[in-house]
Structures are given as structure tokens and as C-alpha cells.
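The values are calculated or read from the model by the stated rules, or taken from the named source; none is laboratory data. All values reported here derive from a predicted model rather than from experimental measurement. Virtual Cβ from ideal backbone geometry, glycine too; neighbours counted across all protein chains shown. Note: accessible area is taken over every heavy atom of the protein model, side chains too, but ligands, DNA and RNA are not part of it. Shrake-Rupley method; radii C 1.70, N 1.55, O 1.52, S 1.80 Å.
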Amino acid sequence: MGFNPLAEKGIALEDQVINWKQLNVKPYDKEKVHPYTRTRGILMNGIEVEAVIFMHQMARHTTDAELRQQLAMLRRLEQQQQKMVNWMIPGDESPLAVTIGYEQVAVDLTAWLARTVPDPYVKAALDFALIEDFDHLYRYANLMGRLEDREASDVTRELTEIMPGRPTILEHRHPFDSPRHGYDAKTADILTKMHVQTIICAEQQTMNFYMNIGPTLQDHYGRGLYQEIAQIEEQHVTHYESLADPTMSWFERLVMHQYNECYLYYSCMSHEVDDRVKKHWQHALECEVEHLKFACDLMRQYGKKDPAAMLPEELPQLTLFQSNKEYVRQIIAEQVDLTGYNDQFVNVGELPAGARFHDFQHRVNGDGATVPSQKVIEQHIEKTGRDYRMETEGPHPVERFRSREKVTK
């Protein structure tokens with residue numbers, strides 16, 4: 001029998017409140033940390049941030065004073081965990097290096113979710129955005145090479161390749177072409193529900209991070225790159241959040257948030273290589289076990305439903321960070337020329353005449369506008385004679401992107 005969080009004994013809610021010394025955790029060593037220890041921290045920070053935001057929204061949609069108190073308690077405990085996770089980032093790691101970590105999350109997490117999700121439409125949505133985030137990693141890596149004279153592979157090592165994906169300049173689509181159609185919560189597999197929840201949290205956190213960190217750069221085109229990619233991340237959040245069933249009740253969603261946190265902390269704990277960080281994942285899991293039980297009690301009390309009907313008897317296949325080079329190359333080769341059209345994915349050359357994609361591209365990138373994602377590559381080529389890449393598995397899978405001495409789209 002596998003792990004069932006509802007059958008486990010966690011840390012009682014009243015015992016989870018800790019003092020400032022315990023909260024202000026020791027950060028990792030940026031020179032020694034395993035890249036996937038960093039990415040697990042970035043992911044779980046996003047998961048906790050979303051849990052807090054969700055419960056704030058839930059509290060704003062009820063007049064029940066007791067329920068508001070219960071949500072306030074649970075939310076405060078989630079805030080504690082968010083601080084403990086996010087404060088593992090050391091102060092001497094540059095925002096750009098952390099950004100490279102964020103994009104490594106986007107690549108290897110999305111690839112894993114796409115490879116394991118049961119729903120074919122959700123898989124298509126994950127694959128579509130995967131190679132856009134892959135391109136973002138390439139753009140930020142070239143910015144790092146120019147501004148910090150540092151290779152992004154210092155952060156990613158050789159676990160994730162760095163080269164063009166779907167060029168960011170071609171990712172700017174009309175907002176009407178971002179929403180997708182959602183799964184049916186009554187029939188969807190639990191892993192589909194959790195994978196969608198996970199990617200919403202991850203992309204939302206990336207969007208928020210870029211929105212806030214971008215203006216702290218002094219470099220003009222670096223600031224512009226964060227602006228441009230933050231806009232794409234907003235598209236991605238719209239893209240992913242529309243995959244979820246909007247008819248689920250507040251209490252069903254609360255339970256799913258907490259169950260997914262149990263699932264992800266267990267996944268992190270099961271694959272962590274740093275013993276100190278592993279103990280943190282275990283502690284967080286023990287807290288989340290009781291958060292889940294608390295949410296289930298609220299669902300029974302207020303939602304008048306038994307949460308057992310929507311949860312499996314054991315956790316499904318775990319989510320892990322691993323290298324996905326071959327898979328990413330395959331998706332780039334097959335899908336680099338796709339774009340969104342309503343809720344479908346079509347080849348850009350097959351768009352109907354007068355499609356809004358072209359007008360939107362002209363408005364955003366035309367009339368002599370300098371496109372930051374193109375400019376940062378041009379600047380790296382001007383500095384070193386070629387762009388920055390790390391192609392460990394051979395030349396780029398798409399021939400037109402193989403030249404390193406010019407910017408291609």
C-alpha cells in the first residue's frame with residue numbers, strides 16, 4: 001500500500017506555530033546546491049504562495065465569521081511554510097541566477113508533467129508552453145553572459161540544455177487565443193487535476209517574480225526582457241488556469257490544494273539529495289497532512305460532501321525533477337511553429353487570412369520597436385561573436401536555429 005496522507009498522523013495545527021529563529025532558516029550554498037534542490041524550493045514556494053492567495057480569495061467570498069477564522073489560521077501556517085521555503089535562497093545569489101533556476105523549473109517540471117499527465121489535451125497544452133519557457137531560459141542565459149560574464153550552466157549544470165525554443169518574439173498572441181477548454185472534474189484523473197494545479201502555481205509564481213524583480217535591474221534591455229517575458233507568463237497563467245474545471249466548489253478546490261501540497265512535499269522528500277533540506281520537506285509534509293484533514297473537515301461541515309469520494313486511497317505517480325533533454329528536443333522539432341488559435345494549437349502558416357495573431361504581432365513588435373528578447377541575443381553576439389548555448393546532445397533539432405552568429409525567428 002502506498003502513502004495515503006489521510007491515514008497518516010501529522011503535526012497538530014496548534015503545534016505548528018514556530019518562533020522567528022526557527023522560521024529564518026539557513027540558506028543553501030549557491031556553489032554547492034544541486035540544481036534540483038534549488039528547483040524544488042522554487043516550485044514549493046509557488047505552491048505555498050498560491051495556497052495563501054487562494055484562501056484570501058475564498059475568505060473574500062464568504063460572510064461566515066467562523067469560516068474566516070479557520071481560513072486565517074490555515075493561511076498563517078501556509079505563510080510560515082512559504083517563508084521557510086523561499087528563505088532557502090541565499091542573499092549572495094543574484095536575481096538573474098535565481099531567474100535561471102525559475103526557468104529550469106519551467107522546463108523540467110513542465111516536461112515531466114507533460115510526459116505523465118493522462119489527459120491528451122492537457123498534455124498538448126503543456127507541450128505548447130514548454131518550448132516557450134525553454135526559449136526564455138536561452139534569453140536569460142544570454143543576458144547573464146553579458147551582464148555577469150557568467151555561464152548559466154553554472155546554475156543548471158548539464159541537466160537542462162540551453163538553446164532556442166519557440167522564439168519569444170513569436171509568442172506574443174492576442175489575448176483571445178490564450179484561454180483553453182477545461183477538464184471535467186467529475187471524470188478527470190486525479191493526476192490530471194493535480195498536474196494542472198501544480199503548473200498554475202508554478203507559472204503564477206514565475207509571473208509574479210518577474211513582475212517584481214524586473215525593475216530592479218539597471219540594464220535597459222535587461223529590464224525590457226523581464227517585461228516581455230512577464231507578459232508571456234501572464235499568457236501562460238491564463239492558458240493553464242483555463243484547463244481547470246471552474247464548476248468545482250470552493251471547498252473542493254481547498255481540499256485539492258491541500259492534497260496536492262501533500263503529494264508534492266512527499267515527492268520532494270522522496271527525491272531530495274540534501275539531507276538538511278530533506279528534513280524540511282518531511283516537516284512540511286507532516287504539517288500538510290493536518291492541513292488536508294482540516295480542509296476535509298471544512299468540506300464536510302460547509303460543503304456537505306465527503307472528500308473521500310474525490311481522493312484516491314494512495315498518492316499517484318510522484319512528480320520528480322530529472323533531465324528531459326530528448327523529450328524537449330522532440331517537442332521543439334515537432335511543434336516549434338505552432339501558435340494558439342481560439343482554444344486550439346495550429347501551425348502559424350495555417351492561420352486563416354486576417355487572423356488576429358498577425359495584427360497583434362505588428363502592434364507589439366512592429367513600427368521599429370526594439371524587441372528585448374531579440375536584442376539580448378544580438379548584444380551577446382556583438383560581445384563574443386556568437387550566442388550562448390549549451391547543446392550537449394548535438395546540433396539544434398531545427399536547422400534554421402543552428403547558426404550561432406545571427407538571431408533567428
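Residue check: is Arg146 assigned to a loop (DSSP other than H, G, I, E, B), closer than 27 Å to His380 by Cα, of a type in the set (D, E, K, R) and open to solvent by 10 Å² or more (accessible area, probe 1.4 Å)? Spelling it out, it is not the case that Arg146 is assigned to a loop (DSSP other than H, G, I, E, B), closer than 27 Å to His380 by Cα, of a type in the set (D, E, K, R) and open to solvent by 10 Å² or more (accessible area, probe 1.4 Å). Say we look at region 17-41 and pick out the residues that are assigned to a loop (DSSP other than H, G, I, E, B) and free of Cβ contacts under 8 Å to residues at least 40 places away in the same chain; which of these is least open to solvent (accessible area, probe 1.4 Å)? Ranking the candidates gives Asn19 first. Counting only residues that are open to solvent by 10 Å² or more (accessible area, probe 1.4 Å) and free of Cβ contacts under 8 Å to residues at least 60 places away in the same chain, region 99-121 holds 1 of them. Among residues of region 225-270 being acidic (Asp, Glu) and assigned to a helix (DSSP H, G or I), the one that is nearest to Leu191 (Cα to Cα) is Glu261. Please state which one of Gln227, Gln218, Gln235 is open to solvent by 30 Å² or more (accessible area, probe 1.4 Å), over 29 Å from Leu315 (Cα atoms) and under 19 Å from the mean Cα position of the chain (by Cα). Testing whether each residue is open to solvent by 30 Å² or more (accessible area, probe 1.4 Å), over 29 Å from Leu315 (Cα atoms) and under 19 Å from the mean Cα position of the chain (by Cα) leaves just Gln227. Filtered by the rule that a residue be in a helix (DSSP H, G or I) and in contact (Cβ under 8 Å) with a residue 40 or more places away in the chain, region 77-97 gives Leu77, Glu78, Gln80, Gln81, Lys83, Met84, Val85, Asn86, Pro95, Leu96, Ala97. Report whether or not Leu338 is within 25 Å of the chain's Cα centre (by Cα), of a type in the set (A, V, I, L, M, F, W, C) and under 30 Å from Glu272 (Cβ atoms). In short, no. In region 136-159, the residues that are in contact (Cβ under 8 Å) with a residue 12 or more places away in the chain and within 16 Å of Gly224 (Cβ to Cβ) reach residues that are of a type in the set (Asp, Glu) and not in a loop (DSSP other than H, G, I, E, B) with C-beta atoms within less than 8 angstrom, at least six apart or across chains, in these pairs: His136/Glu103; Tyr140/Glu103.
Just so you know, in region 170-190 the residues that are part of a helix (DSSP H, G or I) and open to solvent by 10 Å² or more (accessible area, probe 1.4 Å) include one that is farthest from Arg404 (Cα to Cα), and it is Ile190. Among the residues of region 304-315, those that are surrounded by fewer than 17 Cβ atoms within 10 Å (Cβ to Cβ), over 16 Å from Glu8 (Cα atoms) and either touching a Gly at 6+ places or on another chain (Cβ under 8 Å) or not acidic (Asp, Glu) (or both) comprise Lys304, Lys305, Ala309.
Among the residues of region 23-40, those identified as under 16 Å from the mean Cα position of the chain (by Cα) and either basic (Lys, Arg) or over 19 Å from Asn324 (Cβ atoms) (or both) are Arg38, Arg40. Working only within region 58-67, note down all residues that are farther than 16 Å from Arg300 by Cα and surrounded by 11 or more Cβ atoms within 10 Å (Cβ to Cβ). Within region 58-67, Met58, Ala59, Thr62 qualify. The residue that is surrounded by the most Cβ atoms within 10 Å (Cβ to Cβ), counting only those in region 349-372 that are in a loop (DSSP other than H, G, I, E, B) and in contact (Cβ under 8 Å) with a residue 40 or more places away in the chain, is Val371. Name the residue that is surrounded by the fewest Cβ atoms within 10 Å (Cβ to Cβ), counting only residues in region 247-270 that are of a type outside the set (A, V, I, L, M, F, W, C) and over 15 Å from Met44 (Cα atoms). Filtering region 247-270 for residues that are of a type outside the set (A, V, I, L, M, F, W, C) and over 15 Å from Met44 (Cα atoms), the one surrounded by the fewest Cβ atoms within 10 Å (Cβ to Cβ) comes out as Thr247.
Going by the structure shown, is Leu320 surrounded by fewer than 19 Cβ atoms within 10 Å (Cβ to Cβ), touching a helix residue (DSSP H, G or I) at 6+ places or on another chain (Cβ under 7 Å) and more than 27 Å from Asp189 (Cβ to Cβ)? When the stated conditions are applied, Leu320 does not pass them.
Each residue in region 373-403 was checked for being of a type outside the set (Gly, Ala, Ser), open to solvent by less than 80 Å² (accessible area, probe 1.4 Å) and in contact with a His (Cβ under 9 Å, 6 or more places away or on another chain), and 3 pass.
If you check Glu14 against the conditions, is it assigned to a helix (DSSP H, G or I) and open to solvent by 70 Å² or more (accessible area, probe 1.4 Å)? The answer is yes for Glu14. All of Asp306, Asp337 fail the test of being touching a residue at least 12 places away in the same chain (Cβ under 8 Å), farther than 30 Å from Met88 by Cβ and touching a helix residue (DSSP H, G or I) at 6+ places or on another chain (Cβ under 9 Å), apart from Asp337.
Only one of the listed residues (Glu393, Glu382, Glu378) is at pLDDT 95 or above, in a loop (DSSP other than H, G, I, E, B) and of a type in the set (Asp, Glu). That residue is Glu393.
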